[in-house]
Amino acid sequence: MELLEQRIKEEGIIIDGHVLKVDRFLNHQIDPILMDAIGEAFTERFKEAGITKIVTLESSGIAPAVMAGLKLGVPVIFARKKPSLTLGKGSYTAVVRSYTKEETNKIYMSADFINANDRILIIDDFLAKGEAVMGLIDLVNQADATISGIGIVIEKSFQDGRKRLDQLGYPIYSLARIASLSETGVEFLQE
């Protein structure tokens, strides 16, 4: 997605040669015009997949997921990073290791909003090692729902997350695939 790649090049900050900070438009401050274009790109790719719901992880996945949900006309469910009294006893849990925060946490999703009849699109902001998406896959599998696709806003293709997900056989669509990060900038995969 050319618009996203342009924003990454212009506003992304590379930290220690392997972390990409995009908090000016994606995961702290959100650019609604860019999110609209991201939602449109995911919709175009998955409009024929029979999606009934979108699943994401709080908090950075919510904006792109909501825009895709709006365009696809389906609800968006986000997994929580902390337990809540409102989740009740009927919830699914999975364990996720955060690459950027260097910590392991449980994630939670209510069983009230997803079932075996659902066809799920998983959307996440970043794909690095694949831990967050693997946790979301676990939650969806606990509900016996069908995963119809995985949408990633920014993929760090030089890490092994994509390889892990490809082995599972789900359709994956990444809007920006980064080949490398260095002091000189960002290089994108040319497809």
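The values are calculated or read from the model by the stated rules, or taken from the named source; none is laboratory data. Not measured: the values here are computed from a predicted model. FYI the Cβ positions are ideal-geometry reconstructions off the backbone, even for glycines, and counts take in every protein chain you see. Surface accessibility is based on the protein's heavy atoms, side chains included, excluding ligands, DNA and RNA. Shrake-Rupley method; radii C 1.70, N 1.55, O 1.52, S 1.80 Å.
A few points about this structure:
- Distance between the C-alpha centres of segment 147-190 and segment 58-96: 22 Å, rounded to the whole angstrom.
- Low-density loop positions, GluC sites (Glu not before Pro), segment 65-150 - DSSP coil, at most 11 other Cβ in 10 Å: Glu102
- Solvent-accessible surface of segment 9-130, taken per residue with a 1.4 Å probe and all protein chains present: 53 Å².
- Expected-Rg normalisation [2.2 N^0.38 Å, Cα atoms] applied to the chain: 0.98
- √(5λ) per eigenvalue of the Cα gyration tensor, segment 95-150, largest first, Å: 22, 13, 7
- For segment 115-131, backbone phi angles converted through the Karplus equation (6.51, -1.76, 1.60; θ = phi - 60°) give residue-by-residue couplings of 8, 5, 7, 7, 10, 9, 10, 8, 10, 9, 6, 10, 10, 10, 8, x, 4 Hz, Gly and Pro being listed as x.
- Protein heavy-atom surface of segment 1-99, 1.4 angstrom probe: 52% of the accessible area is carbon and sulfur, with nucleic acids and ligands not counted.
- Lys, Arg +1 and Asp, Glu -1 on Cβ, resulting dipole of segment 1-44 about Cα centre, debye, nearest 20: 200
- Segment 1-68 - Rg (one decimal) and Dmax (whole number), Cα, Å: 13.1, 41
- Whole-angstrom Cα spans of segment 77-122 along principal axes, big to small: 35, 26, 13
- Of the peptides 15-21, 173-179, 148-154, the order by per-residue mean of other Cβ atoms within 10 Å, starting with the highest, comes out as 148-154, 173-179, 15-21.
- Helix-only arithmetic for the chain: the sum of -39500 (n - 2.57) across DSSP H runs with n ≥ 4, divided by the residue total, places the mean residue ellipticity at 222 nm at -8500 deg cm²/dmol.
- FRET efficiency, 1/(1 + (r/R0)^6) with R0 41 Å, evaluated for Thr184 and Thr93 via beta carbons: 0.45
- The lysines within cross-link reach of Lys9, meaning a Cα-to-Cα straight distance under 16 Å and a gap of 8 or more places when in the same chain, are Lys21, Lys156.
- Length added when fully stretched, Arg119-Tyr173, from 0.36 nm per residue minus Cα-Cα: 17.8 nm
- Cα-Cα P(r), segment 27-136, percent of pairs per 5 Å interval: 2, 12, 22, 23, 20, 15, 6, 1
- Computed magnitude of the charge dipole of the chain (debye, nearest 20; Cβ of K, R +1, Cβ of D, E -1): 600
- Segment 55-122: chymotrypsin sites (Phe, Trp or Tyr not before Pro) in DSSP coil with no more than 13 other Cβ atoms inside 10 Å: none
- On Cα atoms only, tilt of 2-11 relative to the major axis of the chain in degrees: 60
- Environment charge at Thr146 (Cβ cut-off 15 Å; Lys +1, Arg +1, Asp -1, Glu -1): -2
- Cα lying deepest toward the dipole's positive end in segment 1-101, options Ser98, Ile33, Ser84, charges on Cβ: Ser84
- Placing unit charges on the Cβ atoms of the charged side chains and taking the dipole of segment 103-168 about its Cα centre, the candidate lying farthest along the positive direction among Ala111, Leu136, Leu168 is Leu168.
- Proximity of backbone amide H atoms, modeled 1.01 Å from N, is registered between Ile77 and Ile54, Val55, Thr56 at under 5 Å, excluding neighbours fewer than 5 places apart on the same chain.
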